[in-house]
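> Submitted below is the structure of interest, expressed as structure tokens.
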Amino acid sequence: MTAVVEVRDAHVVHRARSGGLFRRDRVYALTGAGLSVAPGETVGVVGESGCGKSTLAKVLVGIERPVSGAVAFRGRDLWAMPAAERRSTVGAGTGMIFQDPSTALNRRLAVRRILRDPLDVHRRGTRAEREERVRELMALVGLPRALADALPGQLSGGQRQRVAIARALALDPDLVVADEPTSALDVSVRAQILNLLLDLKERLGLALVFVSHDIQTVRRMSDRVITMYLGRIVEETPAGRVTDAARHPYTRALFSATPGLLDPVDPIPLTGPLPSATRPPSGCPFRTRCWRADEVCAASMPDFSAASRPGHRYRCHHPVQEDQPTRDPARQEP
Ligand SMILES: Nc1ncnc2c1ncn2[C@@H]1O[C@H](COP(=O)(O)OP(=O)(O)OP(=O)(O)O)[C@@H](O)[C@H]1O
Ligand code: SF4
Ligand SMILES: [Mg+2]
């Protein structure tokens, strides 16, 4: 089956001012990332702040152009297309939901206009059909019709995020990328928005890429979990068994930090500072904090190895044993 989107060996490097007025350092936001998303699949992306999750999300929906590597939509190279074709392919084929709905929506436009805008830009149907589609979208995300003329400022945070979701779905995309869609919301409405996303994904057959700091939510929502560290994808694990089947020490550390009630784990402390994306360490970037690191890890970045289950791969010289419950490393390897 053709992937909805496939990213191959993508690198994103930013120039950031640091220190002196004329000094601009390179920030390695994404390094050699490869990822393929199948129709209808949910892929969760986890990793600490600054590891490149949003950069990967933007590459997936064609907002960020990698300095090298390729992005293919349904098998067609996005950045080889003429700009107009790329805009219409991306605009109609993908929807992006951002963290903070209050900044993502135009504050001066009523809900009706916000939702009609993508239909107008892509010239979908007659005027009457567009108005009908707006009503349909509002119903789809559970927004009362009475809110059609409201401005974003008159809505609650949850309602605003529903508008953002409806807008992302306006052109009936194959792929929706949600970058921390609930972290700006009250805890009480987070579950509602997550359930709405899951429900829509099922009903519309969407492929969903879901970025979140909330490890347990990612595990529950996803088919596959992508672990990122300092701009690199270091593991790809089937979500159901990530807590004790993950092989990469960093994935284990992340998933041990918030033990579930049913499968308690000993938290693995992540000690040592997160290295800078401006000067990543040699070899494996996790080695400055990894309890299994040795000189091999300093010398080279391991390639991907395939684990025993399909769809599971990791980059580590000394992987944790599969099916071994996560334990405090101090006790595990005295
Ligand atoms: N426009 C930019 N200019 C310079 N550096 C940038 C830019 N955008 C991102 N970066 C840097 O690139 C790296 C990756 O950023 P990114 O936003 O993708 O991380 P993230 O995983 O989404 O973090 P968070 O969890 O905080 O949202 C970071 O070091 C960040 O500071
Ligand atoms: S390669 Fe080495 S430093 Fe990197 S995660 Fe594996 S054991 Fe740790
Ligand atoms: Mg981010």
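> I'd like to check one number: the per residue accessible area of region 1-79, probe 1.4 Å, reported in Å² as a whole number.
Working: 3640 Å² over 79 residues.
Computed with neighbouring chains in place, this is 46 Å² per residue.
> With θ set to phi - 60° and the Karplus curve 6.51 cos²θ - 1.76 cosθ + 1.60, what are the ³J(HN,Hα) couplings of region 118-125 in order, to the nearest whole Hz, using x for Gly and Pro?
x, 5, 5, 4, 9, 6, 8, x
> Let me see the P(r) profile for region 1-155: every Cα-Cα distance counted, bins of 5 Å, each bin given as a percent of all pairs.
Going out from 0 Å in 5 Å bins, region 1-155 shows 2, 8, 13, 15, 16, 15, 14, 10, 5, 2, 1, 0 percent.
> Tally Lys and Arg at +1 and Asp and Glu at -1 over the other residues with C-beta under 14 Å from the C-beta of Ala307: what net charge comes out?
Numbers: positive: Arg224, Arg241, Arg247, Arg252, Arg309, Arg313, Arg315; negative: Glu235, Glu236, Asp244, Asp303, Glu322, Asp323.
With Lys, Arg at +1 and Asp, Glu at -1, the neighbours total +1.
> Where the accessible area of the chain is counted over protein heavy atoms with a 1.4 Å probe, how much of it, in %, is carbon and sulfur?
50 percent
> How tilted is helix 83-93 with respect to the longest principal axis of the chain? Cα atoms for both, answer in degrees (0 to 90, nearest 10).
Its long axis makes an angle of about 90 degrees.
> Apply the Karplus parameterisation 6.51 cos²θ - 1.76 cosθ + 1.60, with θ equal to phi minus 60°, to every residue of region 34-47 and state each ³J(HN,Hα) to the nearest whole Hz, in sequence, with x for glycine and proline.
x, 7, 10, 10, 8, x, x, 8, 10, 10, x, 10, 10, x
> With viscosity set to 1.002 mPa s and temperature to 20 °C, compute the Stokes-Einstein D of the chain, Rh being the Kirkwood radius across alpha carbon pairs; µm²/s, no decimals.
On the way: Rh = 21.2 Å.
Rounded, D is 101 µm²/s.
> Pop the C-beta distance of Asn195 and Arg23 into the FRET formula with R0 = 30 Å and round what comes out to the nearest 0.05. The partial results should precede the final answer.
Details: r = 48 Å, r/R0 = 1.58.
After rounding to 0.05, the efficiency reads 0.05.
> Once both axes come from the Cα atoms, what is the angle between helix 127-140 and the longest principal axis of the chain, in degrees from 0 to 90, rounded to 10?
50 degrees
> Round to a whole angstrom and tell me the spacing of the C-alpha centers of region 98-120 and region 196-226.
That distance is 23 Å.
> Counting only other residues whose beta carbon sits under 14 Å from that of Pro101, what net charge do I get with K and R as +1, D and E as -1? Could the numbers behind the result be given before it?
Values: positive: Arg107, Arg160, Arg162, Arg167, Arg190; negative: Asp100, Asp179, Glu180, Asp186.
Taking every Cβ under 14 Å from that of Pro101, the sum is +1.
> In sequence order, what are the phi-derived ³J(HN,Hα) couplings for region 163-168 according to the Karplus relation 6.51 cos²θ - 1.76 cosθ + 1.60 with θ = phi - 60°, rounded to whole Hz, with x for glycine and proline?
Residue by residue, region 163-168 yields 4, 4, 5, 4, 5, 4 Hz.
> Measure nothing fancy, just the Cα-based angle from helix 187-204's long axis to the longest principal axis of the chain, in degrees from 0 to 90, nearest 10.
So the inclination is approximately 80 degrees.
> Using alpha-carbon pairs under 8 Å, 6+ residues apart, how would you state the relative contact order of the chain in percent? Before the final figure, lay out each step's value.
Working: 654 pairs, mean separation 63.3, N = 334.
It rounds to 19 percent for the chain.
> Separate question: Add -39500 (n - 2.57) for each DSSP H run of 4 or more in the chain, then divide by its residues: what number comes out at 222 nm, to the nearest 500 deg cm²/dmol? Walk me through the numbers before you get to the answer.
Working: 12 runs with 107 residues, N = 334.
Calculated at 222 nm, the ellipticity per residue is -9000 deg cm²/dmol.
> Just going by the charge dipole of the chain, with Lys and Arg at +1 and Asp and Glu at -1 on Cβ, which of Thr89, Gly44, Gln216 is farthest out on the positive end?
Thr89
> For region 109-211, with only Lys/Arg (+1) and Asp/Glu (-1) charged at the beta-carbon, what is the dipole magnitude about the Cα centre, in debye rounded to 20? Display every interim value, and only then the final one.
Values: 16 positive and 14 negative charges, 65 e Å.
For this selection, approximately 320 debye.
> Looking at the chain, send over the antiparallel percent of its DSSP beta bridges, to the nearest 5. Don't skip to the answer; put the middle values down first.
Values: 27 of 44 bridges.
Counting only bridges with both partners in the chain, antiparallel ones make up about 60 percent.
> What does the charge add up to near Ala10, with Lys and Arg as +1, Asp and Glu as -1, over the other residues with Cβ less than 14 Å from its Cβ?
On the way: positive: Arg8, Lys53, Lys58, Arg65, Arg232; negative: Glu6, Asp9, Glu64, Asp77.
Every neighbour counted, the sum reads +1.
> Let me ask something additional. Normalized C-alpha radius of gyration of region 85-225, against 2.2 N^0.38 Å? Please report the intermediate quantities before stating the final value.
Values: Rg = 14.5 Å, N = 141, 2.2 N^0.38 = 14.4 Å.
For region 85-225, the normalised Cα radius of gyration is 1.00.
The values are calculated or read from the model by the stated rules, or taken from the named source; none is laboratory data. Keep in mind it's a predicted model, so treat the numbers as computed, not measured. Note that we place each Cβ from the backbone using ideal geometry, even for glycine, and neighbour counts take in every protein chain shown. These accessible areas exclude ligands, DNA and RNA; they are computed on the full protein's heavy atoms, side chains included. Shrake-Rupley method; radii C 1.70, N 1.55, O 1.52, S 1.80 Å.
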